[in-house]
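A quick write-up on the structure given underneath.
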């Protein structure tokens with residue numbers, strides 16, 4: 001008797017489960033859950049794939065930097081080094097004259113960034129608020145500096161700084177940055193102009209009522225509210241000047257007394273033998289590796305990794321502020 005009751009209860013549970021399974025509302029819920037799980041899996045796979053594609057060059061450079069120089073000719077070594085060594089880093093550091101060149105590059109980039117911030121912020125504020133006859137034409141000329149390639153102006157700039165006796169002097173870069181003609185200054189002026197135009201005019205009106213002049217209004221009221229644009233322009237100006245090889249080559253800024261990372265990297269082949277001699281690499285790698293063109297490419301890649309290492313470290317500390325500033329300024333693409 002008890003077994004019959006149990007069977008009836010079991011059959012009732014089965015029928016109830018079938019009804020719940022075939023219920024249109026439950027089917028809709030299951031469909032939505034399946035779509036959510038499928039989209040999550042697809043999104044995760046795509047993100048991992050994109051991260052791998054983006055990080056692939058960096059991962060490859062790290063793998064090459066940590067392998068022994070004699071593994072250059074070893075076809076079995078692809079990703080994981082067979083012999084771990086820091087010799088490539090030591091050779092690349094000597095090739096770059098890393099300590100002195102990094103300090104010089106940081107100083108040049110930092111001062112240029114500050115001068116670019118001052119000049120482009122002031123110009124952007126003038127174009128956004130101080131309307132005068134012909135201001136739109138002047139702003140159009142600023143936009144043209146973005147479109148015109150720098151090669152079209154390089155000859156005139158070269159003769160100009162030669163007449164001022166500023167070739168071979170870092171002051172040429174500072175002069176360009178301070179006068180709003182630095183690397184991509186037109187983009188920075190445009191960013192500041194759009195940002196200041198988005199601020200409420202009541203801020204300026206209240207400052208004018210309190211007796212503030214144009215420059216005092218800009219310095220005390222408008223500039224503190226432009227933190228997002230300042231961070232964005234500052235980071236871009238610093239990174240672009242850090243990686244610049246065009247202007248420092250034209251104006252002969254990088255010299256023996258004032259080495260810069262970009263020019264030392266470009267001329268890596270010239271300092272290769274000296275670097276191998278001072279690091280003891282000549283006795284370590286052998287003649288076959290020295291004659292291998294892949295070895296020069298290996299050291300060049302390691303040198304490039306050392307060059308971008310300070311930027312990566314800096315970005316780890318400012319990534320939150322950078323993302324917020326990008327969102328506030330509305331830069332896309």
Okay, helices (runs of 4 or more DSSP H) sitting entirely in the range 252-333 with 3 or more residues that are modelled with pLDDT of 80 or more, I get 261-266, 293-329
Name the single residue that is surrounded by the most Cβ atoms within 10 Å (Cβ to Cβ) among those in the range 170-183 being touching a helix residue (DSSP H, G or I) at 6+ places or on another chain (Cβ under 7 Å) and under 17 Å from residue 127 (Cα atoms). 180
Selection from the range 188-216 of residues that are closer than 30 Å to residue 246 by Cα and in contact with a helix residue (DSSP H, G or I) (Cβ under 6 Å, 6 or more places away or on another chain): 188, 189, 191, 192, 193, 195
Select, from 118, 93, 38, 101, the only residue that is part of a helix (DSSP H, G or I) and farther than 27 Å from residue 241 by Cα. 38
Checking residue 113 against (1) touching a residue at least 12 places away in the same chain (Cβ under 8 Å); (2) surrounded by 12 or more Cβ atoms within 10 Å (Cβ to Cβ); (3) over 25 Å from the mean Cα position of the chain (by Cα), the condition it does not meet: (3)
Criterion first (assigned by TED's automatic domain parsing to the domain that holds residue 108, at pLDDT below 80 and either closer than 17 Å to residue 112 by Cβ or not in a helix (DSSP H, G or I) (or both)) does residue 211 satisfy it? yes
Would you check if residue 227 is within 24 Å of the chain's Cα centre (by Cα) and either part of a helix (DSSP H, G or I) or crowded, with 21+ Cβ neighbours inside 10 Å (or both)? yes
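Every residue, every condition in (1) out of contact with any strand residue (DSSP E or B) (no Cβ under 6 Å at 6 or more places or on another chain); (2) surrounded by 10 or more Cβ atoms within 10 Å (Cβ to Cβ); (3) modelled with pLDDT of 80 or more, yes or no:
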{"residue": "22", "(1), (2), (3)": "yes, no, no"}
{"residue": "31", "(1), (2), (3)": "yes, yes, no"}
{"residue": "35", "(1), (2), (3)": "yes, yes, yes"}
{"residue": "64", "(1), (2), (3)": "yes, yes, no"}
{"residue": "70", "(1), (2), (3)": "yes, yes, no"}
The one condition in (1) free of Cβ contacts under 8 Å to residues at least 40 places away in the same chain; (2) not in a helix (DSSP H, G or I) that residue 219 fails to fulfil: (2)
Subset of the range 163-178, residues farther than 17 Å from residue 240 by Cα and touching a residue at least 12 places away in the same chain (Cβ under 8 Å), comes to 166, 167, 168, 169
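The values are calculated or read from the model by the stated rules, or taken from the named source; none is laboratory data. Since the model is a prediction, treat every value here as computed from it, not as a measurement. Methodologically, a virtual Cβ is constructed for each residue, glycine included, from the backbone with ideal geometry; neighbour enumeration extends over all protein chains shown.
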